[in-house]
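Here is the structure we will look at, set down as structure tokens.
The values are calculated or read from the model by the stated rules, or taken from the named source; none is laboratory data. This structure is a prediction, so every number in the text was calculated from the model and none was measured. These area figures cover heavy atoms from the full protein model, side chains too; ligands, DNA and RNA do not enter into them. Shrake-Rupley method; radii C 1.70, N 1.55, O 1.52, S 1.80 Å.
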Amino acid sequence: QVQVVESGGGVVQPGGSLRLSCTTSGIIVSMYNLEWYRQAPGQQRDLVASITPGGGTNYADSVKGRFTISRSNAKNTVYLQMNNLQPEDTAVYYCRALGLRINAWGQGTQVTVSS
């Protein structure tokens, strides 16, 4: 059974940083697309960043230059380093593992950017 668990959310002031973790079980993380999404209250869930099995990365325009997605094959974990956070980054952040016959979401972790 595939499991995806996010952690690392919290409250941070504008300009601050957080690192989110997405720990997986039941898959080899390097063989799947791993994606970070976020959903603010009353908004749709949007793709923030993704990493392919080959290590290629993609970012939403709103986070380019501030967020970095990376992967630890040894820990079967994907990270989202978020720098220079702004109030508009406030949302629940979700991790998704996507591949052949796999489409697994985590429960989400709350990120709040507020002074």
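Things worth noting here:
- Solvent-accessible area per residue for the range 43-115 (1.4 angstrom probe, square angstrom): 52
- Applying D = kT/(6 pi eta Rh) to the chain, where Rh is the Kirkwood radius over alpha-carbon pairs, T corresponds to 10 °C and eta to 1.306 mPa s, the Stokes-Einstein value obtained is 114 µm²/s.
- Spherically averaged projected area of the range 69-115 from its Cα convex hull (nm²): 4.3
- Estimated vicinal HN-Hα couplings, Hz - the range 33-39 in sequence order (Karplus 6.51, -1.76, 1.60; Gly, Pro = x): 6, 10, 10, 10, 10, 9, 9
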